[in-house]
Each structure stands twice: as structure tokens, then as C-alpha cells.
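In what follows, a single structure is set out as C-alpha cells and then discussed.
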Amino acid sequence: MDSKSIRRTFLEFFESKKHKIVPSAPIVVQNDPTLMFTNAGMNQFKDYFLGNKVAENKRVADTQKCLRVSGKHNDLEEVGIDTYHHTMFEMLGNWSFGDYFKEEAIEWAWELLTGQFKLPKDRFYATIFEGDSTENLDQDSEAKKFWMKHLPEDRVLNGNKKDNFWEMGDTGPCGPCSELHIDLRPQSEVDKVPGKDLVNQDHPQVVEIWNLVFIQYNRLSNGILENLPEKHVDTGMGFERLAMAIQGKQSNYDTDVFQPLIQWVAKKGGVEYGNDEKTDIAIRVISDHIRAIAFTIADGQLPSNNKAGYVIRRILRRAVRYGYTFLRFKEPFLHEMLDILVDQFDGVFPELTGQKDFIAKVIKEEELSFLRTLDNGLKKLDTITSGSSKTIAGSTAFELYDTYGFPLDLTALIARENNMEVDEAGFKKEMEVQKNRSKSAGKQTTGDWTVVNEGDDVTFLGYTDTQSTTKVLRYREVKQKDKTQFQIVLEATPFYAESGGQVGDTGYLQFTDEKIEVVDTKKENDLIVHFTKKLPASLDGEVKAVVNESKRRLTENNHSATHLLHAALREVLGDHVQQKGSLVNDKILRFDFSHFSKMTAEEIEEVEQIVNQKIRENIALDEKQNVPIEKAQEMGAMALFGEKYGDFVRVITFDPRYSVELCGGTHVPRTGNIGLFKIVSEGSSAAGVRRIEAVTSVEAEKFYKQKLNLITELEEMLKNPKDLKKSVENLVKENLANQKKLDQLNNQQAGQIKNQLKNDAKEVNGKKLITYKGEFPSVDSMKQVAFDLKREVDNLVLLIGANINDKPMLTVMLADDLVKNGMNANEIIRKMASAIKGGGGGQPFYATAGGKDLSGLDEALKIGTDLIEAS
Ligand code: ATP
Ligand code: MG
């Protein structure tokens, strides 16, 4: 069975068990401070488990894109070395939100694997949680009972907390789990060593394929387990491992999920896969990593220097380095693999198909920039690894990181290949030093929620209201360095929580006799969290929530203008324009979009014109909530890749033929409110991504006003000419002509001074001494006089004490013959310079000095003359 059929069969099976099939959530997590990437199918349902939200469907199944390269689940080091851990993989899952529990979950898992997929029953082992006394948890005898309907007792194994108690992260929903392991070894080997002894022993052919988690608890930040109000099922099966089992392979990479990639890399490298362990690993790493890279970029995370962006950059660089070292890929290659990926996932994950060119472009740019320094970095590492030391110093690892862009794990990897270690503590120290230089925010600690009033669903009123009378549901404290903040959740709030680029509202909460300022509003999953600097004495009773309305209105102007801008860009530049990021506040709007070249002045002007035209048309907002997603797409709304949409969405339309967008933000009732739109900058924000900054209404008015004021000031300066442009042009012309005249005059003057000085030369000890005190129009003209005299007067000693624009300046010029005989202009000028309180120098034949004391020029010349006369 090919992998596409396997995926389909899984979903259809659970559909037949009354599960609703839902799309994968984006691989890049938004609105969850505890998680950077989706690492399990259950992440997107966290709110259901915690009881923050009621599930629309109690039974759900899907295939979820997961990434395990950071945080609690990090498999990066195994990837490619072993044959069954990936960075990015698909997790097939079925869920029950307070519906069925252990019995059905176990029954259906068994039915699917052995009935539908016909996997051999005598190759399975199930593990169950053995219990844990420190946490007061019992053995999961229930699960054992259900497995024993199908498996003999010696195939149902006890497992410890590490393997059989599943937790998403340090906090959050969790519970005992029961895993299915399958033994894929040839019979001859099974006869020798029973599979039972190899379960959970990291054997590449005795692997876990499915984990059934029975979610019952919530892990609090103090480590304590709290019972959840309801019991849930959360299962996750590795799609690639399942394919390996069904297709009778010994490695995930031998399945049709990976073979096209593997073969492409092998062919490009001119090697055969399966011949040499080192190149095999490289081929596997590359085939694995390109998937992680492509999917994260598709979901909106571009490679960058921090956080999620840096994780992706690290993975990409790792792949490039493997190709470079083991397959001699000296040119960008990863981006060429996109065709294969698009082919494989067509009809499954449309985000790749829809953005192929963009993703390829981003990857290629990253490859190019890393390849530029890779060679030098590797050479540097080479000299280190060929030495006798067994450790790479922290400072070296840091230099590689800082100068050559080597992520620490890449340096560590190369070290390991050379049987060396990296002083990671030393590296971290250096990193710390650098961070402190740029002042890091420091780690924050988040307390648990304290419930004030029971209640789950939070209502957002902000589409219509800016005030509400409500009550506090819960609050908690967040500490960061010496700053403490509080987070408050209300039952019904008009405060818009930062999302979709629009900033969170500010305002205040009026308690019975205390007014608390709200400094920001953010989302945490589906909670709306109000940030305050203090808490009122009592949180009981009613509270009035009031949004800062003027700020909100200005923000709305910018948000609606962003929609108009987006549509105008697509009209002017083409349909390839897609939103890649946006920021909307009360001052400015910033819009990032995919486009490959700088916009021309004409394009910018055209976009501005269209947007302002739409503003003048005063189009009424058409806001539709709860539109089925398919319907919204029929209406012409474009779903943004990387955004999580439910079955029902909100559609914002300004003229159905012009702008239709899926959006949760707040908007103007009519476009006329925006008043005026002006682009203030257009530039590049990343490879293949342009950034526009623009202002509207009050800020746009300010922008034009400043420009107009400038013109008025200029007119006044020029005594209000009839034609400003003409008179500025004239000014520039006149200025040029004057400059020319001045230069001529200066030259003439310098010529006169020179001629006069030539006649003043005095014979002193066989030298021709010329001293001069007087004004010079410029340093250049003084220099010219000195060099001319040198050419024209033999045995010259020239001492000048000049006044140049009221600053004292000295020059000493000596004939070459005198220099040959040991005289030095530097020495002379240094002595002279003290008289004008200055200093200087130059070459043995020519030196100059500036100073502060104009009255010392005579004295300086005297010092010089005395020196010459004494010599
Ligand atoms: P393992 O012990 O093999 O790392 P796990 O205990 O980390 O697995 P779970 O967190 O229970 O796995 O995830 C559920 C399923 O997802 C696993 O049974 C496995 O089939 C699959 N899986 C987990 N991690 C990976 C990975 N890095 N690559 C591919 N599949 C994975
Ligand atoms: Mg694991």
C-alpha cells in the first residue's frame, strides 16, 4: 500500500467511527508561550483538554505536521543517524474530548492495524503505565485488561514514567499512556531474541508506532498534577513508521515517503544509497531536513537570527554542511528538492504547492549566504580538530558561531565526527557576555492561575463595544527579572488581544474602588489575557472594562487600510503577492509580502492612488462571522498559510470585487474613516519578502503637513518667490558659478603669495629660509604654495604660520637634499606646534600642525627660525 493510501485509510477509518476529520494545525505555533513548534497532534486541542474551550466535535482525527527539534521533545541528534526519528514528521491521531475513553481507543487501534492494515498480530507489544508512588499514581490495569483481549499477558509490558506517562511540555495536559510497539525483524532473528527484550531499547526494527494517551491531568508550574474536569483520549501514530511497517521495510527512509528524496540526493551526489554509512547518513539528514525547512517556511517562519527562525536556520545549515562535507555539494542544492516535496504532498498539504517558488527562493538565499562562510569556517575547524587537544574551546565555538554562522550543534557534530568535544559551558558563557552586551530580557516565571469565578468560555465584545461590565474569571502573576506583571482573564471583554498583526488594546479596569491600568492584551491559545502592573485589593464583584478608544480607532484605520493595500498590491504587482507578516498599531501599518523585486516609484504611486480611491469611495464594512470556511473561500477570501482556522471563520469585505479577507481584527465601519493613506517606505525585509510602511488619517496628515511646512519655510527663506523650484534651481546654479570663481581667486591669491615669498628667501647656513605669517583662503591653497615653492627653490626651508578662517595652522617644507642630510620636518613642526597649543606631523619633508592659539603664530615661527639658524 502506498503512503498516500495509508494516510487516507487511517482518516477514513476514524471517519467511519464518527470522527470529524480536521486539517493539520500550522507547524509554527502562535499564541502559546510554552511552545515554539507543534510537537504533537494534541497541541492544537490543548484548550479542550484544559477546559478553556468547549470542543465543537467530541471526536476528531487528523494528520498533524510535527517538528521535534527544540524543547521537551528534541530528536535532532538522532535524525539521520537512526532510521526512524525525523525532525518533521506526520502524526496521525484520533481524539476524544470527554467522549470515549480507554476501551474504544485500544479496540480501534487494534482493529485498524491488524484488521485494515493487516499487520501481523504476533509482532505487537503493548506497554502500560506501571504507576508511580512519588506522584501517587496507580498502575493502569484498565488498559492492561483491554489489551489482553487481543494480546497474551507476556506481550503487555509495564512501562515507567519516562515511557508511559506522556507530557507535552513542563506544564499542561498529560496522563498515562499505552504504546504499541512492533517487531519488524526477520523471523530468524525473532527466534533468537524475543522482541519483548527489545521494546524501548532503541532497536531500529522494534519500534514504537502508536501512543495512546489518556489525558486526565494538568501539570502545574510547581510540578503538581491537578485532575482535569473530564477524561480525554489523545493518540499519535508516526505516519512514516507506519508506512515502514506496512510496506515491509526496515527503515522509514526505504518507504515511498522518503525514497524520491533519497534517490535525488544520491544521484546529485553521484553516489549510491546504501553503500557507505557516512554518505548514507548525509543523504538521510538532507532528505529529512528539507521537509522541516520547507514546511516551517510555508507556515510563515522565515530563517532568522533568533527563536523559531534560528531553529530553522540551524537545521538548514546542518543540511548544507552534510551535503558540503560528505557529498561535495559546493553550490546551493536544497531548494531544488522542492519539486519532489510539492509532488508528494499535493492534495495533502496545499501550503507547499501554493508557495513553491517563494519557499525555494528563501531557501536558496539562505544556502548561498551560508556557503559563503562555510568554507572558511570548516578550514578553521580543521586546524583545530587536527591538533592534539580533545576539546574545542568555548571561545572557538563562539567565534565559529559569531563569525562563520556555525550553530553550536553543528560545531558539536563536527567535533563528534572527530572524536572531540565542545566546551559547551564555555560557549554559553561567551554567549552570555554577548547577550548582556545587548541586554537580554531574562527568563520569566509564570505562576498558576487562581480562579476567582468559575467559567470557561471567554466572550469577546470588541467588535461592537469598547466597554463592558463583567467579572474576573482568573488571574496570575508573571515575574521577569525585577519586573512583576499580572494577567487577568475576564468573562466578557471588549479588549482586543494582539493577533493577526493588530496590537492588543490598552485601557483600564474599574473595580469597586480602584482603577487598574491595562498595559497590553494578549492571547494565550483562546484566552484573552489583560496585562496589568498591579492587582486591586479585591477581584470579586463587578468590574468595568474600558478600552482606550481613540487609540483603538486609529489602529482600526490602519488595519482596514492594510486590507486595501493588500488588494492594491495584488492588482498592481500580481497574484503572487501574499501576506508574509503585518503589524498594525495606532501610529503605523507595516506589511510584509512575497515579491521578488524592489517596487518602482510608479508602482508605489499606483498602489497609493488605488488605496486612496477606495477610501474616497467610502465603502461600507461588510463583516460576516461564522462563515463556513469553504463558503468564505468561494467568496474569494484567501486563507493565509500558517494561520489556524476553524470550520467557521470571520470574513471582512470591502467591496466583494475588491477586498475579501479572513480576519479576526477590528475595522472601520466605512473606508472613508481612514481619511488618507501614504506609503512612507518600501524595502526588503528578507529574501523574497518586501516590506511597506504606511500611515493613515492623523499620521498621514502629519506627514504631509511636515512636508508642506518645509516648503513654506523654504519659501520664506527665499523671500516668497513666485516659482520655488525655479528659484532653488537658480540658487544651485549661482552657487556652482560662485564656487568656480572663488577657486580661481584662491588660486590667483596663492600664486601671488608664492611669488612674493620666493623673493623673500634668506640665506641661512647654506639653506634658503622662507618664513611667512599671514592668511590663507584654504588648507589646500597653503599646501599648493608649499609644494610649488619646493619645486622652484633649491635648498628650501619653508616655515608658514597661517591663519585659515581664524584657526592657526603651521607648515614646514624641506628640500629633498636637506632631508637626505638628516633634517626632519616632523621634528621641527612638533617644536613649533607647542606655541599654538596644538600638534601634528607628516613626512620628513613635509609636515603640518593645527592648534588652538592664533596668537602663538609669531612665537611658533621664531622657534622654527631659531632651530634653522642654530643648525
Ligand atoms: P520515541 O520513543 O520513538 O522517540 P516518543 O515516545 O517520543 O517516540 P510520542 O511522543 O509518543 O513518541 O509520539 C507518538 C508517535 O509519534 C510515536 O509512537 C512515533 O510513532 C511517532 N514519533 C515520535 N517521534 C518521532 C520522530 N522524531 N520521528 C518520527 N516519528 C516520531
Ligand atoms: Mg521521542
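Not counting ligands, DNA or RNA, and with a 1.4 Å probe, what is Asp743's accessible surface area in Å² rounded to the nearest 10?
70 Å²
Take the Cα atoms of the stretch 585-721, find their three principal axes, and give me the spread along each one in whole Å, biggest first.
Between the extreme Cα coordinates on each principal axis of the stretch 585-721 lie 66, 36, 24 Å.
So if each residue of separation counts as 0.36 nm, and I subtract the Cα-Cα distance between Lys722 and Glu763, what length gain in nm does that give?
On the way: separation 41, 0.36 × 41 = 14.76 nm, distance 6.44 nm.
Extending this stretch completely gives an extra 8.3 nm.
Assuming a ≥ b ≥ c are the square roots of the Cα gyration tensor eigenvalues, decide whether the stretch 1-129 counts as rounded (a/c under 1.5), prolate (otherwise, with a/b larger than b/c) or oblate. Please report the intermediate quantities before stating the final value.
Working: a/c = 1.68, a/b = 1.10, b/c = 1.54.
It comes out oblate by the Cα gyration axes.
So, by mean Cβ neighbours within 10 angstrom, what's the order for 380-390, 250-260 with the highest one leading?
Working: 380-390: 12.4, 250-260: 20.3.
Peptide ranking by packing, descending: 250-260, 380-390.
Stretched out fully, how many nm does the piece from Glu331 to Asn821 gain, at 0.36 nm a residue minus the Cα gap?
On the way: separation 490, 0.36 × 490 = 176.40 nm, distance 6.09 nm.
Difference between extended and current length: 170.3 nm.
Taking a spot 7 Å from the Cα of Lys390 along the direction of its beta carbon, which residues of the stretch 414-438 have an amide N less than 13 Å from it?
From the stretch 414-438, the list is 419-422.
Please list 657-666, 494-503 highest first by mean number of surrounding beta-carbon atoms within 10 Å per residue. It would help to have the intermediate numbers written out before the result.
Details: 657-666: 20.4, 494-503: 22.9.
Going from most to least packed, we get 494-503, 657-666.
Dividing the alpha-carbon radius of gyration of the stretch 445-547 by 2.2 N^0.38 Å (N being the number of residues), what value is obtained? Write down the numbers at each step before the final one.
Details: Rg = 12.5 Å, N = 103, 2.2 N^0.38 = 12.8 Å.
Normalised Rg, Cα atoms only: 0.98.
Based on a Kirkwood Rh over C-alpha pairs, give the Stokes-Einstein translational diffusion coefficient of the chain at 25 °C and viscosity 0.890 mPa s in µm²/s. Provide the component values of the computation, followed by the final result.
Values: Rh = 33.2 Å.
Diffusion coefficient, whole number: 74 µm²/s.
Using the Kirkwood radius over C-alpha pairs as Rh, can you work out the diffusion coefficient of the stretch 3-257 via Stokes-Einstein at 4 °C, viscosity 1.567 mPa s, in µm² per second? Please list the in-between numbers first.
Values: Rh = 18.5 Å.
D = 70 µm²/s.
For Lys72 and Tyr704, calculate 0.36 nm times their separation in residues minus their Cα-Cα distance, and state this gained length in nm to one decimal. Let's see the in-between values first.
Details: separation 632, 0.36 × 632 = 227.52 nm, distance 5.23 nm.
Roughly 222.3 nm would be gained on extension.
By what distance, in whole Å, do the Cα atoms of the stretch 530-622 stretch along each of the three principal axes, largest value first?
On the principal axes, the stretch 530-622 reaches 59, 30, 21 Å in Cα extent.
Would you mind classifying the stretch 741-870 by shape? Square roots of the alpha carbon gyration tensor eigenvalues, ordered a ≥ b ≥ c; an a/c under 1.5 is rounded, otherwise it is prolate if a/b is larger than b/c and oblate if not. Mind showing how you got there, number by number?
On the way: a/c = 1.69, a/b = 1.13, b/c = 1.49.
Here the stretch 741-870 falls in the oblate category.
What do you get when you divide the Cα radius of gyration of the stretch 386-436 by 2.2 N^0.38 Å, with N the number of residues? List each step's numbers first, then the result.
Working: Rg = 10.5 Å, N = 51, 2.2 N^0.38 = 9.8 Å.
That ratio works out to 1.07.
Output the peptides 80-93, 673-686 sorted from most to least packed, where packing is the average of other Cβ atoms within 10 Å over each peptide's residues.
Working: 80-93: 23.6, 673-686: 17.6.
Ranking, from highest mean packing down: 80-93, 673-686.
Can you compute log10 of I(q)/I(0) for the stretch 272-379 with the Debye formula, treating each Cα as one identical point scatterer, at q = 0.12 Å⁻¹?
Once normalised to I(0) and log-transformed, intensities are -0.40.
If I take R0 = 35 Å and measure r between the Cβ atoms of Ile588 and Glu56 in this structure, what FRET efficiency does the formula 1/(1 + (r/R0)^6) give, to the nearest 0.05? Intermediate results must be reported in sequence, preceding the final value.
Values: r = 37 Å, r/R0 = 1.06.
Step by step, r from the Cβ atoms, then E = 0.40.
Based on alpha-carbon positions alone, could you give the equivalent ellipsoid semi-axes of the stretch 301-343 from the gyration tensor, as √(5λ), descending, whole Å? Provide the component values of the computation, followed by the final result.
Working: eigenvalues 79, 50, 10 Å².
Square roots of five times the eigenvalues give 20, 16, 7 Å.
Answer rounded, prolate or oblate for the stretch 70-155, using the Cα gyration tensor with square roots of eigenvalues a ≥ b ≥ c: rounded when a/c is under 1.5, else prolate when a/b is larger than b/c, else oblate.
Oblate shape, in that a/c is at least 1.5 and b/c is the bigger or equal ratio.
Sorted by accessible area (1.4 Å probe), largest first, how do Lys767, Lys551, Lys758 line up? Please list the in-between numbers first.
Details: Lys767 25, Lys551 55, Lys758 85 Å².
Descending order: Lys758, Lys551, Lys767.
Using only Cα atoms, figure out Rg for the stretch 602-656 and give it as a multiple of 2.2 N^0.38 Å.
Values: Rg = 14.2 Å, N = 55, 2.2 N^0.38 = 10.1 Å.
Taking the Cα Rg and dividing by 2.2 N^0.38 Å, one obtains 1.41.
Mind giving me the FRET efficiency for Asp346 and Asp622? R0 is 41 Å, r the Cβ-Cβ distance, nearest 0.05 is fine.
Working: r = 34 Å, r/R0 = 0.82.
Using R0 = 41 Å, I get an efficiency of 0.75.
Over the chain, give the accessible area per residue in Å² for a 1.4 Å probe, as an integer. Please list the in-between numbers first.
Details: 40250 Å² over 871 residues.
Per residue, the chain has 46 Å² of solvent-accessible surface.
Set the Förster distance to 60 Å, then compute FRET efficiency between Asp191 and Asp339 from the Cβ-Cβ distance, nearest 0.05. Show your work: numbers first, answer last.
Numbers: r = 45 Å, r/R0 = 0.75.
It comes out at approximately 0.85.
Kindly list the residues of the stretch 599-637 that lie in the label zone of Thr353, defined by a backbone N under 17 Å from the point 7 Å along the Cα-to-C-beta vector.
Only 630, 633-634 pass the distance filter.
First obtain the Kirkwood hydrodynamic radius of the stretch 414-504 from its Cα pairs, then insert it into the Stokes-Einstein equation at 25 °C and 0.890 mPa s, and state the resulting D in µm² per second as a whole number. All intermediate terms of the calculation are to be shown ahead of the outcome.
Working: Rh = 17.4 Å.
Here the translational diffusion coefficient equals 141 µm²/s.
Give the carbon-plus-sulfur fraction of the accessible surface of the chain in %, rounded to a whole number; probe 1.4 Å, heavy atoms of protein chains only. Present the calculation step by step, with values, prior to reporting the outcome.
Details: 18690 of 40250 Å².
Here carbon and sulfur together make up 46 percent of the probe-accessible area.
The values are calculated or read from the model by the stated rules, or taken from the named source; none is laboratory data. From a predicted model like this one, the values you see are computed outputs, not experimental measurements. Virtual Cβ from ideal backbone geometry, glycine too; neighbours counted across all protein chains shown. Just the protein is used for accessible areas: all its heavy atoms, side chains included, with ligands, DNA and RNA removed. Shrake-Rupley method; radii C 1.70, N 1.55, O 1.52, S 1.80 Å.
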